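The values are calculated or read from the model by the stated rules, or taken from the named source; none is laboratory data. Small disclaimer: the values here were computed from a predicted structure and weren't measured. A quick note on method: Cβ atoms are made from the backbone with ideal geometry, for glycine too, and the neighbour counts reach across all protein chains shown. Surface accessibility is based on the protein's heavy atoms, side chains included, excluding ligands, DNA and RNA. Shrake-Rupley method; radii C 1.70, N 1.55, O 1.52, S 1.80 Å.
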Amino acid sequence: MTAQLFTPVELGGVMLPNRIVVSPMCQYSAIDGSAQPWHQVHYGMLAMSGAGLLCLQGTHVEGEGRITQGCLGLYSEENEAAIKSIVDWARAWMPGVKLGIQLAHAGRKASAQRPWKGGGPLTGADAPDLPWTTVSAPAIPYDARWHTPVALDAAGLKRVKQAFVDATRRSARLGFDIVELHGAHGYLLSQFLSPISNRRGDAYGGTADKRRRFPLEVFEACREVWPAGKAMGMRLSCVEWVEGGVTIEDTIETARQLKALGCDFIDASSGGNAAAQKIPVAPGYHVEFAARIRKEAGIKTWAVGIITEPEQAERIIASGEADCTAHARAFLLDPRWGWNAARALGVETPPLPLPAVRATTILPFKPQPQMARAAD
């Protein structure tokens, strides 16, 4: 019998050939939000990984919403043109590959250093025009040493929602099959969902339903402009691993309400919104959350979090705990993880299709001196 990991699955009208997803992974190598040759090589390689879906990294809907100066964006014509080169390149090398994109806004966790520079908040010592102003639900910083954000007022809420809508429209023009909104890891939509970070006293804070209001409004507005035959989902931090934070019961109800708005899947993750979190990291440590959401909210789920072995992924799908398994580390360590998983599980796979590009294809980018990390 064919391994369940390699059976097709439909997400909102998009048929994936198998249940394997290359999870969004930030590369911190963009310039002014625009993709560079690194991204073309990286995603061209992963397009041939054997995964049913390749999802581009967190792509920010505003310049001020980027985690770092090197984060990818989709808020300008230049950003869109650069990502088009990535999409065209990936599909040239792997015709028919299914592509997704994760749209994000970092909120109070924006204006940060790249990980290899420590990952903390930017300071004026980094450059005269840094750090930039961050925003959040209320003016509560992520931690004592982080910037105090500006609380989004009515105009700010409208602007951010429109930025998500505009990026969704750009994603449709670019031909992505799936859009995932980032509502996890302590970024802006997650900040609204959490009782830790959202202590507003208006219609967008206080009770759980009021905390959900802005993320749900953003999702609904994006869903309205996203093609009906394509999938849209949301990544959620199912629990926050601190007392008084989001619980799995909160997240199940959020998933129910998202489903009613046309959400096709929940990417079940956790944490990221509190510096004091204590995460019990272990292989498959989010799977139980994906399973509960799938059963209790009646929506398809992705399981993420240290799923590195083909047999482990197969057990998750075969047991009905999730509809897809999403992998990050596994594909960084083995860019052909999908094909090797098929071999390990005894699944016959078709030969790779002949690429639609020639070896003489020239990268559609001009080298820029800012690419040197030491110059950041």
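Can you tell me how many residues within segment 195-216 are under 18 Å from LYS259 (Cα atoms) and in contact with a Phe, Trp or Tyr (Cβ under 9 Å, 6 or more places away or on another chain)?
Taking segment 195-216 first, the residues under 18 Å from LYS259 (Cα atoms) are 208-216.
Those still in the list that are in contact with a Phe, Trp or Tyr (Cβ under 9 Å, 6 or more places away or on another chain) too: 210-215.
Residues in segment 195-216 being under 18 Å from LYS259 (Cα atoms) and in contact with a Phe, Trp or Tyr (Cβ under 9 Å, 6 or more places away or on another chain): 6 in total.
Considering segment 235-250 alone, what residues qualify as being assigned to a strand (DSSP E or B) and more than 15 Å from ARG211 (Cα to Cα)?
ARG235, the sole residue that qualifies.
Here is a check on your reading of the model: is ALA82 out of contact with any helix residue (DSSP H, G or I) (no Cβ under 6 Å at 6 or more places or on another chain), surrounded by 15 or more Cβ atoms within 10 Å (Cβ to Cβ) and among the small types (Gly, Ala, Ser)? Show your work before the answer.
Numbers: out of contact with any helix residue (DSSP H, G or I) (no Cβ under 6 Å at 6 or more places or on another chain): yes; surrounded by 15 or more Cβ atoms within 10 Å (Cβ to Cβ): yes; among the small types (Gly, Ala, Ser): yes.
Spelling it out, ALA82 is indeed out of contact with any helix residue (DSSP H, G or I) (no Cβ under 6 Å at 6 or more places or on another chain), surrounded by 15 or more Cβ atoms within 10 Å (Cβ to Cβ) and among the small types (Gly, Ala, Ser).
Which residues, counting only those in segment 115-147, are surrounded by 18 or more Cβ atoms within 10 Å (Cβ to Cβ) and under 20 Å from GLY58 (Cβ atoms)?
PRO121, LEU122, THR134, VAL135, SER136, ALA137, TYR142, TRP146, HIS147
Considering only residues that are over 22 Å from the mean Cα position of the chain (by Cα) and open to solvent by less than 30 Å² (accessible area, probe 1.4 Å), look in segment 148-171 and name the one that is nearest to ASP202 (Cα to Cα).
Filtering segment 148-171 for residues that are over 22 Å from the mean Cα position of the chain (by Cα) and open to solvent by less than 30 Å² (accessible area, probe 1.4 Å), the one nearest to ASP202 (Cα to Cα) comes out as LEU152.
Pairs only if they're at least six apart or on different chains, beta carbon under 6 angstrom, first in segment 57-82 and closer than 21 Å to ASP267 by Cα, second part of a strand (DSSP E or B) and open to solvent by 20 Å² or more (accessible area, probe 1.4 Å); list them, first residue then second.
none
Return a yes/no flag: does segment 179-197 have any residue that is touching an Asp or Glu at 6+ places or on another chain (Cβ under 8 Å) and surrounded by fewer than 24 Cβ atoms within 10 Å (Cβ to Cβ).
Yes: one or more hits.
Within segment 212-243, restricting attention to residues that are in contact (Cβ under 8 Å) with a residue 60 or more places away in the chain and closer than 21 Å to SER270 by Cβ, which residue is surrounded by the fewest Cβ atoms within 10 Å (Cβ to Cβ)?
Ranking the qualifying residues of segment 212-243, first place goes to PHE214.
Which count do you get for residues in segment 91-105 that are outside any loop (DSSP other than H, G, I, E, B) and open to solvent by 10 Å² or more (accessible area, probe 1.4 Å)?
Of segment 91-105, the ones outside any loop (DSSP other than H, G, I, E, B) are 91-93, 99-104.
This time we only want the ones that are open to solvent by 10 Å² or more (accessible area, probe 1.4 Å), so: 91-93.
Final tally of qualifying residues: 3.
Among the residues in segment 108-130, are any out of contact with any His (no Cβ under 9 Å at 6 or more places or on another chain), closer than 28 Å to ALA268 by Cα, in a strand (DSSP E or B) and polar (S, T, N, Q)?
no
Residues ALA282, ALA231, ALA274: which one is aliphatic (A, V, I, L, M) and over 30 Å from GLY120 (Cα atoms)?
Working: ALA282 fails: over 30 Å from GLY120 (Cα atoms); ALA274 fails: over 30 Å from GLY120 (Cα atoms).
Exactly one residue qualifies, and that residue is ALA231.
Return the total of residues in segment 11-31 being more than 23 Å from GLU311 (Cβ to Cβ) and more than 19 Å from the chain's Cα centre (by Cα).
The total comes to 3.
Quick test of your reading of the structure: VAL246 fulfils all but one of (1) without any contact (Cβ under 8 Å) to a residue 40 or more places away in the chain; (2) of a type in the set (Val, Ile, Thr); (3) open to solvent by 10 Å² or more (accessible area, probe 1.4 Å). Name the failing condition by number.
Status for VAL246: all satisfied but (1).
Suppose we keep only residues that are among the β-branched types (Val, Ile, Thr) and either farther than 19 Å from VAL179 by Cα or in contact with an Asp or Glu (Cβ under 6 Å, 6 or more places away or on another chain) (or both) within segment 250-287. Which one would you say is most open to solvent (accessible area, probe 1.4 Å)?
Filtering first and then ranking leaves VAL281.
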